[in-house]
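The values are calculated or read from the model by the stated rules, or taken from the named source; none is laboratory data. In this text, all values refer to a predicted model and were calculated from it rather than measured experimentally. Positions of Cβ are backbone-derived with ideal geometry, glycine not excepted, and every protein chain shown enters the neighbour counts.
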Amino acid sequence: MADLYPAIDLLDGKVVRLQQGDYDNETHYGYDPVAVATSFVDAGAPWVHVVDLDAARDGNARNRSIVASIASAVSGRAQVQTGGGVRGVDDARALADAGVSRVVMGSAALQDPALVEAVAEVLPVAVGLDHRDGALAVHGWTQSTDMTVAHALARFAAASAFVITDIGRDGMLTGPDLAGLDLAVRSTTTPVIASGGISSLDDVRVVAAIGVAGVITGKAVYEGRFTVADAVAVLREITPS
């Protein structure tokens, strides 16, 4: 069964969503991230996916105390996976101390795959593969690379998961990249967590049936397309193909 990962994106301490990763195109959803996280877990979410957008952009982990507060609030009921600005072992240790269960490494992992092995000694690592049309992007999605998702899937033996985000679909509610996710699931034995474009319970259902280990959802929940409780219930019914 795939797990649901409702997302909380933090920018200047607020809950926001960016459209296609554009920092100049944000929608604000609240000032109390801890309350949002608690509501997700109350609805049955086994994980909360937290992204520090400030740290992803400039390395300043100014939202780390909020991440710690979220982890404390849901401790014993759900786990916290967090990314954004995780650049090395010291960041992982700080997040472990904050109560985080797994970190997501994107830019730093792609630039130095050996870092994933080092960080994995501290906390499980999900490697974030954020892409536009298959080409990976780094530094808060502000820079493109010539590396592809397919290439990256074979590079990280120490990864506990891959979080694959189609930037062009993220925040757009246009549906997930089913073909890309299906290819990824078939190309690696490491669990794949799908992100980007989820707009309906049907999207949740179809992505889960591909065989992903998790589904990240953000804007669809905030915009009332479906509830966390409904998505959790759908995932409990799915047997991967």
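Looking across the range 214-238, the residues that are acidic (Asp, Glu) and more than 19 Å from Thr27 (Cα to Cα) come down to Asp230, Glu237. The one condition from (1) in a helix (DSSP H, G or I); (2) over 22 Å from Val192 (Cα atoms) that Val41 does not meet is (2). Of all residues in the range 47-79, which are surrounded by 18 or more Cβ atoms within 10 Å (Cβ to Cβ) and touching a residue at least 60 places away in the same chain (Cβ under 8 Å)? Trp47, His49, Leu53, Ala56, Ile70 - these are the residues of the range 47-79 that are surrounded by 18 or more Cβ atoms within 10 Å (Cβ to Cβ) and touching a residue at least 60 places away in the same chain (Cβ under 8 Å).
Of all the listed residues (Asp177, Asp182), the sole one being acidic (Asp, Glu), crowded, with 20+ Cβ neighbours inside 10 Å and touching a Gly at 6+ places or on another chain (Cβ under 9 Å) is Asp177.
Within the range 80-93, being assigned to a helix (DSSP H, G or I) and either surrounded by fewer than 19 Cβ atoms within 10 Å (Cβ to Cβ) or in contact with a strand residue (DSSP E or B) (Cβ under 6 Å, 6 or more places away or on another chain) (or both) holds for Val89, Asp90, Ala92, Arg93. Taking the range 142-168 as the range and being modelled with pLDDT under 85 and among the hydrophobic types (A, V, I, L, M, F, W, C) as the test, the residues that pass are Met147, Ile167. Take the conditions among the aliphatic types (A, V, I, L, M), in a helix (DSSP H, G or I) and over 17 Å from the mean Cα position of the chain (by Cα) and apply them to Ala231. Does it pass? It is false that Ala231 is among the aliphatic types (A, V, I, L, M), in a helix (DSSP H, G or I) and over 17 Å from the mean Cα position of the chain (by Cα).
Residues in the range 169-193 that are part of a loop (DSSP other than H, G, I, E, B), within 16 Å of the chain's Cα centre (by Cα) and modelled with pLDDT of 90 or more: 4 in all.
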